[in-house]
């Protein structure tokens, strides 16, 4: 079917497009303008036409997400308004996640924390998210097999082979490390960990583990750089850890998760535990300018009740005392740990207000929005459904000032947000939410509208109320099929789970099989994600490694 | 593949038709059992959503002794592999965990990972059998039962009770562990006991690393809970009577519903072995059971359909107790013609057709 999206303001910063024009689609892809009569013409006059949104860091599946629902069954509201899917209105469910992303014009979402030990359940859950293409990052950095291999100084090839095998077995899209070595250190009694601190038993450090993983990701050719959740998240002085970790990458590609939670400069550096924190957004921005190899997603805070979910068990264990309501889960898992701590971002609270301001400041100071990805680290900073409001605040200085006026005065005292005049353009929003994250994931045919792109397209009515505009897309096309009309789902089709095509080494397979069998009483087969386990066929789609 | 309708042998399509007819006429149906692979459980949830049924897995009581305290309090847990590989002290609470293979594995091994590696493992028992078959230090339960025993122990650990009582000695052993684990069965301990035990573990973590590990219900309850969570955003027991999932462990307790006369039809899903509810024959019921099982007979329910058994005559994603994860179990032999998921999907398709025809 030949489709013409006609007369909209087409925003594609990768092609330098920002003006009224047409987009042609055929067989699920963007094609050159055709002289043939289109089978369907979509009148997009008065609308903004962008590529589908791409989410790189949102906790949408996996064991901790499941546990968060059990801990807080009333966090989300379920509504009785069937619209063709039995569970789309079940708050927090997989169908609800897919529907809410799609309504906002997003067409891909990536779960950033899939421990290989729980890969099948995570992948089954992802596969039940309709409408979107999905993916998951394989988490490494605390597993005994890797740490022992590093302790034994077995060399880069062995690490590469183990990483490749873990990604292949779990069917991941990339690799992530979360406070590398931290879960192991926690189990052995430590309650904090810095970049070069020694991890008990193994004699390693976060730096050594991360270095090994950075090299492995490059050697394998994983398109997405190593996705790093650094040490010391959320504490005054975390900016030191962030910058030190950036420098430790030594020019290799690195992606930082939820930078906002690290942009906390200690008010009293000599005594970081007292005096609180001030915005370090300028410092982080300067560091980013010096390190073009680095990218980050923001982890913007949104006010209200949420639940924090993280495999950073050291951080979550420390954070348990701030749980609101006062209940929490800590898991000493098979490699990573994990923690679930409910949290209330108070609109007039000084800490929450400052966190909120720092996230916006990071985005507004950025000289390169393509390396500054919009996330809330859902649900840690707040739900992803807050994206339209955040976009509004980025695009509208007056709206920002109105919001700031109702918040705590600490914003003016400890951040530079009030003095920033910048308003994001549509092109910059597209960089922040489309082209940037697609490039980051290595998905060459996503995040843009050039010829050959996937026909994942979002069409929004241009509305000065950007919150309303981006909350309910007028039309969303997934692979050329209209799935959303006027903010409602009209076609409950399934997307695919994106998996990296990676070869694993046979010798490492044999070795790992023996290791796992000794430890778990079950070998490598027990960790696989076979097609036969899924209730439907055609779940996965291959993504090639870098040449 | 065998099927029966009202006691007489039938072909599968006739049984599916009868099942769809029965459910189409039901006003307050229930879907229970769910001792099956995840694809079948998923299909059961979709069917329940379509017909407005309530859903209650067979592991309900044990599951809720765990899920209730979890939602009110939280927990501090570990896995079997971490317990076996790291723990230098393991406390077994009650009698029931002693029947599980993990006890022997713990007793026969020593910590090999973490700071306790190379040390001896101490096996402790609170309210256990005390029969000496496995080397351990035994502490009898207090007169008030297991939950009260755990409360006493917690008071000694916390310093709220002092002296040279046996529990003071047990408390010292726990606080000096480098990586301790307490193993329990939630159904045996009860929800108040589980909450007290998790409180004990919280207190211990102010001093050392200590985690809880509960044995599962044995009927896929943990896999069901995960699938329920991502399907409905809620734990099980859930009802779809008002076109949205409503989580209510009391209201949607199938035994209570049946006893109160609230149910007019039931679907029992047990392609894996599960204790058959006593009301099965007294209600208009569809039973989807494992082929070759004792339940695969025409007198078990009004409509009976025998299907492949996951891990034996069918593949399926199942809860793996030792791995503490959902893993795939391939068929051990030639696969059966029919899976539970396929039967449920066929019933749902037929119901959808009937609904369409009635509009």
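For A:56-65, what's the mean count of beta carbons from other chains sitting within 10 Å of each residue's beta carbon? Spell out each step's value before the answer.
Values: counts 0, 0, 0, 0, 1, 1, 2, 5, 0, 3.
That average works out to 1.
Using a 10 Å cut-off on Cβ atoms, rank the peptides A:531-544, A:53-66 from the highest mean neighbour count down. Please report the intermediate quantities before stating the final value.
On the way: A:531-544: 15.4, A:53-66: 26.4.
Those peptides, ordered most packed to least, come out A:53-66, A:531-544.
Sorted by mean Cβ packing within 10 Å, highest first, what order do the peptides A:153-164, B:333-344, A:429-440 take?
Taking the mean over residues of other Cβ atoms within 10 Å, the ranking is A:429-440, B:333-344, A:153-164.
Any idea what % of Cα-Cα pairs in the range B:208-288 are farther than 15 Å? Walk me through the numbers on the way to the answer.
Values: 2202 of 3240 pairs.
So the portion of pairs separated by more than 15 Å is 68 percent.
Taking 8 Å as the Cα distance limit and 6 or more residues as the minimum spacing, I'd like the relative contact order of the range A:50-497 as a percentage.
Values: 1034 pairs, mean separation 84.2, N = 448.
Contact order relative to length: 19 percent.
Just to be sure I understand the model, the point goes 7 Å from the Cα along the line to the Cβ. What's the resulting residue A:413 to residue A:324 distance in nm?
In this crude label model, residue A:413 to residue A:324 measures out at 1.8 nm.
For chain A, what is the mean residue ellipticity at 222 nm derived from helices alone (per DSSP H run of n ≥ 4: -39500 (n - 2.57); sum divided by total residues; nearest 500 deg cm²/dmol)? Write out the running numbers ahead of the final one.
Details: 18 runs with 171 residues, N = 547.
Per the formula, -9000 deg cm²/dmol.
Connecting C-alpha atoms closer than 10 Å in a GNM of chain B, tell me which of B:62, B:114, B:52 has the biggest fluctuation.
B:114
Please work out the C-alpha center-to-center distance from the range A:291-361 to the range B:54-87 and express it in whole Å.
24
Based on other C-beta atoms within 10 Å, arrange A:481, B:46 from fewest to most. Let's see the in-between values first.
Details: A:481 15, B:46 18.
With the sparsest Cβ surroundings first, the list reads A:481, B:46.
Once every Cα of the range A:4-99 carries one equal point scatterer and solvent is ignored, give the base-10 log of I(q)/I(0) from the Debye formula at q = 0.21 Å⁻¹, two decimals.
-0.99
Take every Cα-Cα distance within the protein assembly as shown, group them into 20 Å bins from 0 onward, and report for each bin the whole-number percent of pairs it holds.
The calculated distribution, bin by bin, is 15, 46, 34, 6, 0.
Angle check, please: helix B:221-232 long axis (alpha carbons) against the longest principal axis of chain B (alpha carbons), in degrees 0 to 90, nearest 10.
60
Indicate, rounded to the nearest 5 percent, the antiparallel portion of the DSSP beta bridges found entirely in the protein assembly as shown. Display every interim value, and only then the final one.
Values: 55 of 134 bridges.
About 40 percent, rounded to the nearest 5.
If you take every DSSP beta bridge whose two residues both sit in the range A:50-497, what share of them, in percent to the nearest 5, is antiparallel? Could you put the intermediate results ahead of the total?
Working: 25 of 48 bridges.
Close to 50 percent.
Pairing the Cα long axis of helix B:340-358 with the longest principal axis of chain B, what angle in degrees results, from 0 to 90 and rounded to the nearest 10?
Value to nearest ten degrees: 50.
Taking the radius of gyration and the Kirkwood hydrodynamic radius from Cα positions alone, what is the Rg/Rh ratio for the range B:65-215, to two decimal places?
Values: Rg = 13.9 Å, Rh = 15.1 Å.
That ratio equals 0.93.
In percent, what relative contact order does the range A:311-413 have, based on Cα pairs under 8 Å that are 6 or more apart in sequence? Don't skip to the end; give the middle numbers.
Values: 98 pairs, mean separation 23.4, N = 103.
Computed over the range A:311-413, the figure is 23 percent.
Determine the shape class of the range A:218-265: with a ≥ b ≥ c the square roots of the Cα gyration tensor eigenvalues, call it rounded for a/c under 1.5, and otherwise prolate if a/b is greater than b/c, oblate otherwise.
Details: a/c = 3.48, a/b = 2.11, b/c = 1.65.
Prolate, because a/c is 1.5 or more and a/b exceeds b/c.
Let a ≥ b ≥ c be the square roots of the eigenvalues of the Cα gyration tensor of the range A:50-497; is it rounded (a/c under 1.5), or, if not, prolate (a/b larger than b/c) or oblate?
Working: a/c = 1.44, a/b = 1.18, b/c = 1.22.
Here the range A:50-497 falls in the rounded category.
Name the shape class, rounded, prolate or oblate, that the alpha-carbon gyration tensor gives for the range B:127-230, where a ≥ b ≥ c are the square roots of its eigenvalues, rounded holds for a/c under 1.5, and otherwise prolate holds if a/b is larger than b/c and oblate otherwise.
Working: a/c = 1.87, a/b = 1.54, b/c = 1.21.
Cα axes put the range B:127-230 in the prolate bin.
Need one number: % antiparallel among DSSP beta bridges in chain B, to the nearest 5.
Details: 14 of 55 bridges.
If we restrict to bridges inside chain B, about 25 percent are antiparallel.
Round to a whole angstrom and tell me the spacing of the C-alpha centers of the range B:146-163 and the range A:217-281.
Answer, in whole Å: 43.
Along its principal axes, what span do the Cα atoms of chain B show, with the longest given first and each in whole Å?
74, 42, 32 Å, listed from the longest principal axis down.
Distance between the C-alpha centers of the range B:226-251 and the range A:451-503? Whole Å please.
After rounding, the separation between the Cα centres reads 29 Å.
What distance in nm separates the two pseudo spin-label positions at residue A:421 and residue B:256, each 7 Å out from Cα along the beta-carbon direction?
About 6.5 nm separates the two model spin labels.
Based on the mean of other beta carbon atoms within 10 Å per residue, what is the order of A:238-244, A:101-107, A:342-348, A:87-93, most packed first? Show your work: numbers first, answer last.
Values: A:238-244: 22.0, A:101-107: 27.4, A:342-348: 17.1, A:87-93: 24.4.
Order by mean packing, descending: A:101-107, A:87-93, A:238-244, A:342-348.
In degrees from 0 to 90, rounded to the nearest 10, what is the angle of the helix B:146-158 Cα long axis to the longest principal axis of chain B?
Between the helix axis and the principal axis of chain B, the angle is about 40 degrees.
Let me know the mean shielding of B:67-74 by other chains, meaning the per-residue number of their Cβ atoms within 10 Å of its Cβ. Numbers along the way, then the final one.
Numbers: counts 3, 0, 1, 6, 7, 3, 5, 15.
So the per-residue partner count for this stretch is 5.
Mind checking the mean number of beta-carbon atoms from other chains within 10 Å of the Cβ atoms in B:221-228?
Details: counts 0, 2, 2, 0, 4, 12, 6, 4.
Counting other chains' Cβ atoms within 10 Å and averaging over B:221-228 gives 4.
No lab work stands behind these numbers, since they all come straight from the coordinates. A quick note: this is a predicted structure, and the numbers were derived from the prediction, not measured. Note that each Cβ is placed from the backbone with ideal geometry, even for glycine, and that neighbours are counted across all protein chains shown.
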